[in-house]
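Asker: First, the structure itself, so that you have it in front of you.
The values are calculated or read from the model by the stated rules, or taken from the named source; none is laboratory data. Everything numeric in this text was worked out from a predicted model, so none of it was measured. Neighbour counts run over all protein chains shown; Cβ positions are idealised from the backbone, glycine included.
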Amino acid sequence: MEDDAELFYRQLPKVELHAHLNGSVSVATMERLIARKPHLNIDHSMTAILKGQRRTLDECFQVFKVIHQLIDTEEDLLMVTKSVIREFAEDGVRYLELRSTPRADSKTGLTKRRYVESIIEAIRQCKEENVDTEVRFLVAVDRRNGAEVAMETVKLAEDYMLASDGLVVGVDLSGDPNVGHGKDFLPALQKARNCGLKLALHMSEVPSQKEESELLLTLPPDRIGHGTFLHPEVGGSQSLVDRVREKNIPLELCLTSNVKGQTVGSYQKHHFPYWYQLGHPCVLCTDDKGVFSTSLSMEYQLAAATFGLSREAVWTLSQQAIGCSFATDAVRQQLQQRWALLLPEVFPTSSCLHREPTALQTCGQGL
Ligand SMILES: CNc1ncnc2c1ncn2[C@@H]1O[C@H](COP(=O)(O)O)[C@@H](O)[C@H]1O
Ligand SMILES: [Zn+2]
């Protein structure tokens with residue numbers, strides 16, 4: 001049975017800005033994939049990290065390798081993408097930016113182009129089927145594949161930005177942070193920027209990336225993934241923090257991912273409050289809801305419980321995420337209207353709407 005808090009967090013309209021497609025596959029969908037490919041001898045313990053379990057970041061990347069074996073045809077991609085979109089919508093996500101690394105597979109005939117097209121097709125089908133969430137796509141550059149592939153990926157993203165009716169909106173830089181150096185990707189990322197693609201870059205996910213982060217900030221990125229080790233208290237620097245603040249670059253923060261992947265020691269030690277207290281734009285995200293066995297509702301609930309956020313503060317947090325999205329102004333406006341309409345539904349009877357004007361002002365902030 002869903003308790004009152006769970007209901008609140010699920011009903012809360014939410015924006016998901018940091019979700020890797022293949023990391024977001026649910027147990028139910030995994031079951032279907034495993035049944036399709038029994039010869040691979042894969043079981044669930046190899047595709048997800050359950051409650052209370054931890055893995056090193058290295059081990060997390062092994063999990064992705066297993067998942068990639070299960071998703072290697074256009075048909076798999078279409079099915080997986082549609083399921084992931086539906087699950088986010090069921091969890092109350094009303095705007096979703098999915099990201100994924102184009103892969104080719106000579107055994108199945110999958111090409112990088114067909115990879116991207118399958119995802120675009122899934123997004124279109126969900127729209128036709130009235131799945132209640134607006135979806136955009138970021139094409140991911142995997143740092144493990146080097147500079148040349150990064151440039152090809154950006155070209156692919158550029159082509160589909162023009163050929164997808166605005167569904168492809170940006171480029172992500174991700175992959176094992178201990179592999180490769182950001183400087184190798186600067187030309188590709190600069191090219192992406194110049195042709196109008198937005199940049200969402202994983203930065204300072206591990207402590208050794210300080211110099212790389214300084215370099216990537218010169219672009220600058222439009223959003224930062226994790227940014228776990230940017231601030232001086234954890235070995236980053238004040239000048240990094242100052243630059244992120246000057247440019248007002250939103251942070252995509254993924255609590256469960258960071259704790260389960262052991263880049264952060266505990267929920268209490270997460271960098272969310274550091275940035276939140278500065279009034280810096282922070283967006284709660286899942287990263288890999290399948291691999292880390294989480295949902296965006298759970299992430300909001302966890303952040304509220306760990307850092308003592310009121311429901312009004314949680315509402316403001318979810319609403320501010322609209323402004324951090326890569327959607328057009330028109331879509332952002334529609335989302336703002338949607339949030340305004342949903343406010344009384346999420347805060348019934350005892351809501352801030354019915355309280356003293358001061359509470360109303362706090363609650364309606366930015367509407
Ligand atoms: C845990 N923290 C993380 N840090 C860096 N990159 C990550 C990641 N989680 C996922 N990815 C990136 O996303 C890919 C899986 O989705 P796609 O196959 O692209 O859909 C991973 O292989 C990795 O490159
Ligand atoms: Zn990520």
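Asker: Residues E158, E152, E134, E129: which one is touching a residue at least 60 places away in the same chain (Cβ under 8 Å), in contact with a Lys or Arg (Cβ under 9 Å, 6 or more places away or on another chain) and away from ligand 2 (no atom under 16 Å from the Cβ)?
Answerer: From the options E158, E152, E134, E129, the qualifying one is E134.
Asker: So if I check each of P273, P250, which one is buried (at least 23 other Cβ atoms within 10 Å of the Cβ) and either aromatic (F, W, Y) or modelled with pLDDT of 95 or more (or both)?
Answerer: P250
Asker: Also: Give me the residue from the stretch 141-159 that is over 19 Å from P220 (Cβ atoms) and either within 20 Å of the chain's Cα centre (by Cα) or modelled with pLDDT under 95 (or both) and, out of that set, farthest from ligand 1 (Cβ to nearest atom).
Answerer: T153
Asker: Being surrounded by fewer than 18 Cβ atoms within 10 Å (Cβ to Cβ) and of a type in the set (V, I, T) is the filter here, so list the residues in the stretch 156-203 that pass it.
Answerer: The answer is V179, and nothing else.
Asker: Can you confirm whether V63 is touching a strand residue (DSSP E or B) at 6+ places or on another chain (Cβ under 7 Å) and among the β-branched types (V, I, T)?
Answerer: Criteria not met by V63.
Asker: Going residue by residue through the stretch 164-186, is there one that turns out to be part of a helix (DSSP H, G or I), more than 29 Å from G261 (Cα to Cα) and either in contact with a helix residue (DSSP H, G or I) (Cβ under 8 Å, 6 or more places away or on another chain) or within 12 Å of ligand 1 (Cβ to nearest atom) (or both)?
Answerer: no
Asker: Can you pull out every residue in the stretch 335-349 that is under 23 Å from C282 (Cβ atoms) and either in contact with a Ser or Thr (Cβ under 8 Å, 6 or more places away or on another chain) or in a helix (DSSP H, G or I) (or both)?
Answerer: Once the filter is applied, which keeps residues that are under 23 Å from C282 (Cβ atoms) and either in contact with a Ser or Thr (Cβ under 8 Å, 6 or more places away or on another chain) or in a helix (DSSP H, G or I) (or both), the stretch 335-349 yields L335, Q336, R338, W339, A340, L342, L343, V346.
Asker: More than 30 Å from G52 (Cα to Cα), within 15 Å of ligand 1 (Cβ to nearest atom) and touching a helix residue (DSSP H, G or I) at 6+ places or on another chain (Cβ under 6 Å): is that true of L216 in this structure?
Answerer: Against the criterion (more than 30 Å from G52 (Cα to Cα), within 15 Å of ligand 1 (Cβ to nearest atom) and touching a helix residue (DSSP H, G or I) at 6+ places or on another chain (Cβ under 6 Å)), L216 qualifies.
Asker: Residue check, V244 against (1) more than 16 Å from the chain's Cα centre (by Cα); (2) surrounded by 15 or more Cβ atoms within 10 Å (Cβ to Cβ); (3) within 16 Å of ligand 2 (Cβ to nearest atom), all met but one. Which one?
Answerer: (3) is the only condition that V244 fails.
Asker: With the requirement that a residue be surrounded by 16 or more Cβ atoms within 10 Å (Cβ to Cβ), within 14 Å of ligand 1 (Cβ to nearest atom) and either of a type outside the set (K, R) or more than 24 Å from Y267 (Cβ to Cβ) (or both), what does the stretch 40-65 give you?
Answerer: Those that are surrounded by 16 or more Cβ atoms within 10 Å (Cβ to Cβ), within 14 Å of ligand 1 (Cβ to nearest atom) and either of a type outside the set (K, R) or more than 24 Å from Y267 (Cβ to Cβ) (or both): T47, A48, I49, L57, C60, F61, V63, F64.
Asker: Does the stretch 34-56 include one or more residues that are out of contact with any Phe, Trp or Tyr (no Cβ under 6 Å at 6 or more places or on another chain), in a helix (DSSP H, G or I), in contact (Cβ under 8 Å) with a residue 40 or more places away in the chain and more than 16 Å from ligand 2 (Cβ to nearest atom)?
Answerer: Yes.
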